[in-house]
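The values are calculated or read from the model by the stated rules, or taken from the named source; none is laboratory data. Quantities reported herein were computed from a predicted structural model and do not represent experimental measurements. Glycine gets a Cβ as well: all are built from the backbone with ideal geometry, and neighbour counts include every protein chain shown.
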Amino acid sequence: MVSRRQFLTLVAIGTPALAATAAGIRLLPPEDEVGEFPTLRFGEDTCLRCGMVIDEPPFAAAWRDHANREQLFDDIGCMAYEAHDRALTAAGFFVHDYTSGSWLRADEAVFAISSEITTPMGYGTAAFAGTADAQAHAEQGTIVAWDEVLPGLDKRGDDHGGPH
C-alpha cells in the first residue's frame with residue numbers, strides 16, 4: 001500500500017512531467033501540416049518544370065508535399081502550371097516576396113501579373129506580402145490571390161501553358 005506521503009510525492013513528481021508532455025504535444029504541428037520554408041540553393045538548384053538553374057530570388061517558388069518532399073521552381077508560373085498539370089492540391093506552396101526576398105506562403109501572398117514584370121520564363125508574375133506593393137508593380141496588369149494565378153496567366157493568351 002502506498003502511504004499518503006508517497007502518493008503526494010508521486011503526484012508532485014508526475015504532474016509537471018505530465019503537463020510538460022501535454023504542452024509539448026500541443027506545440028507540435030499536426031502531421032498533415034506543411035512545416036517551415038523550403039531549402040533552396042540559388043545558382044545550384046534547378047526548376048522542376050523547365051530545368052533552368054534557379055538564380056533570381058524574387059521569382060523563385062517551391063512546394064512541399066505532405067511526405068515532406070520539396071520541388072523547386074525558377075518562376076511562379078512554372079509552379080502554377082506544374083501544380084495544375086499534376087492536379088496537386090495537397091501541398092504547401094511557397095513564393096518569395098518580390099520586395100523583400102523573404103519566403104511567403106503562397107496562400108497568404110498577393111500576386112501581380114503584368115507584362116511589365118520580367119520573370120525568368122516570361123510569366124510576368126510576382127508575389128507580394130501586401131496588396132499595396134502588388135498594385136504598385138501591376139501597372140495595367142491584374143492583382144490576384146494564389147488560387148487565381150493560373151486563370152490569370154491563361155487570360156493573358158500567351159503560349160506558356162505548354163510544357164517547358
What do you reckon, is A67 closer than 27 Å to A138 by Cβ, at pLDDT 70 or above and either touching a His at 6+ places or on another chain (Cβ under 8 Å) or part of a loop (DSSP other than H, G, I, E, B) (or both)? no
Residues A112, A106: which one is among the aliphatic types (A, V, I, L, M) and over 12 Å from the mean Cα position of the chain (by Cα)? A112
List every residue pair whose Cβ atoms lie under 8 Å apart, where the two residues are 6 or more positions apart in sequence or sit on different chains, the first residue falls within the stretch 131-150 and is in the same structural domain as R105 (by TED's automatic domain parsing) and touching a residue at least 60 places away in the same chain (Cβ under 8 Å), and the second residue, located anywhere, is in a strand (DSSP E or B) and of a type outside the set (G, A, S). V149/F111; V149/I113; V149/T125
Does any residue of the stretch 44-57 turn out to be in a loop (DSSP other than H, G, I, E, B), modelled with pLDDT of 95 or more and within 19 Å of D107 (Cα to Cα)? no
In this structure, is G130 more than 23 Å from F42 (Cα to Cα) and at pLDDT below 95? yes
Just the residues that are in a helix (DSSP H, G or I), without any contact (Cβ under 8 Å) to a residue 40 or more places away in the chain and over 16 Å from P151 (Cβ atoms), please, taken from the stretch 75-126. E108
